[in-house]
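Student: Quick one: structure below, then a few questions.
The values are calculated or read from the model by the stated rules, or taken from the named source; none is laboratory data. As the structure is a computational prediction, the values presented were derived from the model and not from experiment. Every residue, glycine as well, gets a Cβ built from its backbone with ideal geometry; the counts of neighbours run over all protein chains shown.
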């Protein structure tokens, strides 16, 4: 039997994934700023990779709306605009609302306690004006619900939108959620504890739209 010839293909995929992860992180965290040109040679030197995995990574980032390309003209970091908010936040509200409706009938006391714990951490981070910890606690809060939903497609859908969401969170970090978001978290926990799936889902969707309002204010043109 001939030796399978799949090693090179596997290596290529690993290199592409490495390029994607590093470029995505640099865009999300603002190391590569909106509108910044992306030149193949400079990226290859920085990443220590050949042109092929870098171009494959850039194509994936274009599909995820983090990079803009115009053949023979430019490849650049996509601008961050209100369109990003209007595209992804309502979709996340729907996904997480559905996850909540599915999760609440399945949730047990440890999962309810996990929600309370993450909300407490969220509140503490907001009081300390620590955007990184606040958004991390918020993400863990919602991850409890996603995991409890029992639907493996919902976390996958959220993961596809995560880079754009994290980019908004990072670049809008001076504008944090406030009392309304905390109150909505508390309603979600209380309704989940009571087994009220529709009520918890309603609060969940409202919570995401509140976050969208935070992003809109941060991105609004300054007078």
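Student: Going by the conditions given, is residue 43 within 17 Å of the chain's Cα centre (by Cα), under 30 Å from residue 158 (Cβ atoms) and surrounded by 16 or more Cβ atoms within 10 Å (Cβ to Cβ)?
Tutor: Answer is no for this residue.
Student: Could you tell me whether residue 129 is surrounded by fewer than 20 Cβ atoms within 10 Å (Cβ to Cβ), at positive phi and not assigned by TED's automatic domain parsing to the domain that holds residue 63?
Tutor: yes
Student: Quick check on residue 103: is it touching a residue at least 40 places away in the same chain (Cβ under 8 Å) and under 23 Å from residue 194 (Cβ atoms)?
Tutor: yes
Student: Can I ask one more? For the stretch 69-80, name all the residues that are touching a helix residue (DSSP H, G or I) at 6+ places or on another chain (Cβ under 7 Å) and surrounded by fewer than 21 Cβ atoms within 10 Å (Cβ to Cβ).
Tutor: Correct list: 69, 75.
Student: Quick test of your reading of the structure: residue 59 fulfils all but one of (1) out of contact with any helix residue (DSSP H, G or I) (no Cβ under 6 Å at 6 or more places or on another chain); (2) assigned to a loop (DSSP other than H, G, I, E, B). Name the failing condition by number.
Tutor: (2)
Student: How about the stretch 151-202: which of its residues are part of a helix (DSSP H, G or I) and either on the phi > 0 side of the Ramachandran plot or without any contact (Cβ under 8 Å) to a residue 24 or more places away in the chain (or both)?
Tutor: 153, 155, 156, 159, 162, 179, 183, 187, 190, 194, 199
Student: Only one of (1) touching a residue at least 24 places away in the same chain (Cβ under 8 Å); (2) in the same structural domain as residue 41 (by TED's automatic domain parsing); (3) surrounded by fewer than 21 Cβ atoms within 10 Å (Cβ to Cβ) is not met by residue 66, so which one is it?
Tutor: Here residue 66 clears every test but (3).
Student: Tell me, which residue of the stretch 37-56 that is in contact with a helix residue (DSSP H, G or I) (Cβ under 9 Å, 6 or more places away or on another chain) and assigned to a loop (DSSP other than H, G, I, E, B) is farthest from residue 163 (Cα to Cα)?
Tutor: Of everything passing the filter in the stretch 37-56, 50 is farthest from residue 163 (Cα to Cα).
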